[in-house]
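The values are calculated or read from the model by the stated rules, or taken from the named source; none is laboratory data. This structure is a prediction, so every number in the text was calculated from the model and none was measured. Neighbour counts run over all protein chains shown; Cβ positions are idealised from the backbone, glycine included.
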Amino acid sequence: MVNEDLSKLRIEKTKAISRPRRRRKIIFWVLLIVAIILAGILYTQGMFTPPVQVQIVTVSQIYPSQTLIVLNASGYVVPQRKSALASKVTGRLIWLGVEEGNRVKQDQIVARLESQDVTAAKGLAEANVNAARHNIELARAELKEATLNLERNKALLAKGYVAKSIYDSALARYEKAVAAVEASEASLKASLAALEAANINLEYTLIRAPFDAVVLTKNADVGDIVTPIGAAANAKSAVITIADMNSLQVEADVSESNLNKIKVGQPCEIQLDALPEERFRGAIHMIVPTADRTKATVMVKIRFAERDSRVLPEMSAKVAFLSRPPKPEEQKPRVAINQSSIVNRKGSEKVFLIKEEKVIETSVNLGTKIGDMVEVLGGIKVGDQIVLNPPERLRNGLKIKVAEK
């Protein structure tokens with residue numbers, strides 16, 4: 001019985017071997033399918049393709065008026081009325097009432113020099129004028145008395161009551177009185193002239209603004225010696241420098257060969273390096289009638305259509321000369337891209353937006369054409385980088401390499 005039971009305990013080798021083989025086959029096919037799927041995913045994401053070499057551009061804002069440009073030039077903002085205020089006499093600066101950026105009015109006193117000597121001279125001249133006036137009064141009183149005496153002696157002489165010598169003495173006294181009055185009047189005129197000179201000398205110690213302006217620089221401080229010609233080491237010739245900000249114009253150099261493209265009154269757009277996002281309207285004020293032989297250029301002055309307090313002297317500027325005045329809607333900036341950046345995929349306009357060295361196919365909403373550019377109403381924004389002239393094989397998610405220029 002025991003041997004029979006042991007004989008039954010046999011293992012079917014074929015069944016035991018076949019089961020692990022089936023499992024291995026199943027696992028193999030699952031792994032193969034997973035590998036194929038992963039390879040497909042990686043391939044669609046460009047993992048197995050080399051980076052595509054492309055050119056890139058940055059989405060920017062442009063002005064429609066740029067299509068009207070016939071010529072460009074560069075220059076600087078220059079005040080047409082500018083003055084370095086100084087004194088006509090030499091003296092020590094004792095008061096300075098302004099600093100950089102202050103606005104001054106015409107005839108406003110901005111500084112004073114020491115004036116004790118000229119003030120004393122003025123007082124002496126005033127005293128001389130008063131003395132001359134009193135002398136005139138005295139001379140006129142003497143003349144009045146001499147006139148009466150002469151008339152009286154003239155009447156007595158006619159009647160024979162006085163001698164001719166007495167009449168002659170009265171006449172001489174009268175003529176002397178007349179001469180004394182004339183001398184006193186001349187002395188008064190001389191004293192008044194001396195007083196006027198003293199007033200002028202005193203005025204020279206006051207430094208006034210010749211026109212409404214803004215103080216640009218302060219060239220001297222209280223205690224400095226101010227002289228018309230600053231020859232001494234510690235002497236200053238100018239106290240402050242001012243400029244009329246309403247007279248600001250752009251002075252630009254234009255090549256002689258391009259003069260036929262511009263004329264006085266021609267509309268312009270002015271862009272300042274300090275305010276790159278702004279466009280200022282202007283027009284040609286003057287074409288200076290002389291050329292610079294060293295540069296073969298002619299200076300052109302462009303006035304601003306509207307005054308802007310942000311515009312300051314000596315700012316660098318770029319000037320665009322336009323073929324006609326821009327319309328109001330042409331003066332507003334628009335987001336635009338080059339037309340060669342756009343591709344048509346599946347019936348919609350798209351661009352390839354660059355993100356982390358990969359391209360993302362992005363739909364864009366386009367507006368009107370502006371020269372070789374086209375307005376973008378949505379989908380991308382200013383500052384985004386996109387592919388220029390995208391190749392046919394470029395697709396969403398591929399890696400890119402920027403082409404060297």
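Take the residues of the stretch 154-196 that are of a type in the set (Ser, Thr, Tyr) and in a helix (DSSP H, G or I): which is nearest to Leu124 (Cα to Cα)? So that I can check it myself, show each step before the final result.
Going residue by residue through the stretch 154-196, those that are of a type in the set (Ser, Thr, Tyr) are 161, 165, 167, 169, 174, 184, 187, 191.
Filter once more, so that each one left must be in a helix (DSSP H, G or I): 165, 167, 169, 174, 184, 187, 191.
On the way: Ser165: 45, Tyr167: 42, Ser169: 38, Tyr174: 32, Ser184: 18, Ser187: 14, Ser191: 10 Å.
Ranking the candidates gives Ser191 first.
So which of Glu306, Glu329 ends up being among the acidic types (Asp, Glu) and either in contact (Cβ under 8 Å) with a residue 40 or more places away in the chain or under 30 Å from Asn365 (Cα atoms) (or both)? Walk me through how you get there before you give the answer.
Values: Glu306 fails: either in contact (Cβ under 8 Å) with a residue 40 or more places away in the chain or under 30 Å from Asn365 (Cα atoms) (or both).
Only one candidate qualifies: Glu329.
Is one or more of the residues making up the stretch 332-340 surrounded by fewer than 17 Cβ atoms within 10 Å (Cβ to Cβ), charged (D, E, K, R) and farther than 30 Å from Val78 by Cβ?
Scanning the stretch 332-340, I find no residue that is surrounded by fewer than 17 Cβ atoms within 10 Å (Cβ to Cβ), charged (D, E, K, R) and farther than 30 Å from Val78 by Cβ, so the answer is no.
So Val222 ticks every box in (1) modelled with pLDDT under 90; (2) surrounded by fewer than 16 Cβ atoms within 10 Å (Cβ to Cβ); (3) over 29 Å from Ala125 (Cα atoms) but one. Which box is left unticked?
Unmet for Val222, out of (1) modelled with pLDDT under 90; (2) surrounded by fewer than 16 Cβ atoms within 10 Å (Cβ to Cβ); (3) over 29 Å from Ala125 (Cα atoms): (1).
Could you check how many residues of the stretch 185-210 are buried (at least 19 other Cβ atoms within 10 Å of the Cβ) and among the polar types (S, T, N, Q)? Please lay out each step first, then the result.
So the first thing to find is which residues in the stretch 185-210 are buried (at least 19 other Cβ atoms within 10 Å of the Cβ), and the list is 188, 191, 195, 198, 205, 207, 209.
Still in the running and among the polar types (S, T, N, Q): 191, 205.
Residues flagged as buried (at least 19 other Cβ atoms within 10 Å of the Cβ) and among the polar types (S, T, N, Q) within the stretch 185-210 amount to 2.
Just checking, how many residues over the stretch 161-217 are charged (D, E, K, R) and under 52 Å from the mean Cα position of the chain (by Cα)? So that I can check it myself, show each step before the final result.
If we filter the stretch 161-217 for residues that are charged (D, E, K, R), which is where we start, we get 164, 168, 173, 175-176, 182, 185, 189, 196, 203, 208, 212.
Imposing the further condition that a residue be under 52 Å from the mean Cα position of the chain (by Cα) reduces the set to 196, 203, 208, 212.
The number of residues fulfilling the criteria is 4.
For the stretch 242-261, which residues satisfy the criterion of being under 28 Å from Asp221 (Cα atoms) and surrounded by 19 or more Cβ atoms within 10 Å (Cβ to Cβ)?
Passing the criteria: Ile242, Ala243, Met245, Leu248.
Looking at the stretch 319-360, which of its residues are touching a Ser or Thr at 6+ places or on another chain (Cβ under 8 Å), under 30 Å from Leu259 (Cβ atoms) and of a type in the set (D, E, K, R)?
Matches in the stretch 319-360: Glu330 only.
Which numbered condition trips up Ile27, out of (1) at pLDDT 60 or above; (2) surrounded by fewer than 10 Cβ atoms within 10 Å (Cβ to Cβ)?
If we test Ile27 against (1) at pLDDT 60 or above; (2) surrounded by fewer than 10 Cβ atoms within 10 Å (Cβ to Cβ), just (2) comes out false.
Does Arg310 meet the test of being touching a strand residue (DSSP E or B) at 6+ places or on another chain (Cβ under 8 Å) and of a type in the set (Lys, Arg)?
Numbers: touching a strand residue (DSSP E or B) at 6+ places or on another chain (Cβ under 8 Å): yes; of a type in the set (Lys, Arg): yes.
So Arg310 passes the test.
Within the stretch 274-292, does at least one residue satisfy the condition of being more than 22 Å from the chain's Cα centre (by Cα) and in contact (Cβ under 8 Å) with a residue 60 or more places away in the chain?
At the first step, the residues of the stretch 274-292 found to be more than 22 Å from the chain's Cα centre (by Cα) are 289-292.
Okay, now just the ones that are also in contact (Cβ under 8 Å) with a residue 60 or more places away in the chain, so none.
No, there is no match, as no residue in the stretch 274-292 is more than 22 Å from the chain's Cα centre (by Cα) and in contact (Cβ under 8 Å) with a residue 60 or more places away in the chain.
For the stretch 132-147, what are the residues that are in contact (Cβ under 8 Å) with a residue 40 or more places away in the chain and either closer than 12 Å to Val178 by Cα or acidic (Asp, Glu) (or both)? If you could, list the steps in order and put the result at the bottom.
Here is the first cut: in the stretch 132-147, the residues in contact (Cβ under 8 Å) with a residue 40 or more places away in the chain are 132-133, 135-136, 138-140.
Listed by number, the residues that qualify are Ile136, Leu138, Ala139, Arg140.
Is there a residue in the stretch 83-94 that is in contact with a Leu (Cβ under 7 Å, 6 or more places away or on another chain), under 30 Å from Ile270 (Cβ atoms) and of a type in the set (Val, Ile, Thr)?
No, every residue in the stretch 83-94 fails to be in contact with a Leu (Cβ under 7 Å, 6 or more places away or on another chain), under 30 Å from Ile270 (Cβ atoms) and of a type in the set (Val, Ile, Thr).
Search the stretch 94-152 for residues being of a type in the set (Asp, Glu) and not in a helix (DSSP H, G or I), and hand back the single one that is surrounded by the most Cβ atoms within 10 Å (Cβ to Cβ).
Let us first name the residues in the stretch 94-152 that are of a type in the set (Asp, Glu), namely 99-100, 107, 114, 117, 126, 137, 142, 145, 151.
Now drop any that are not not in a helix (DSSP H, G or I), which leaves 99-100, 107, 114.
Values: Glu99: 10, Glu100: 11, Asp107: 10, Glu114: 15.
Among residues in the stretch 94-152 that are of a type in the set (Asp, Glu) and not in a helix (DSSP H, G or I), the one surrounded by the most Cβ atoms within 10 Å (Cβ to Cβ) is Glu114.
Has the stretch 266-277 got at least one residue that is within 15 Å of Leu71 (Cβ to Cβ), modelled with pLDDT of 95 or more and not in a strand (DSSP E or B)?
yes
Residue by residue through the stretch 272-316, note down the ones that are buried (at least 19 other Cβ atoms within 10 Å of the Cβ) and either of a type outside the set (A, V, I, L, M) or outside the structural domain of Asp253 (by TED's automatic domain parsing) (or both).
Within the stretch 272-316, Arg279, Phe280, Gly282, Phe304 meet the criteria.
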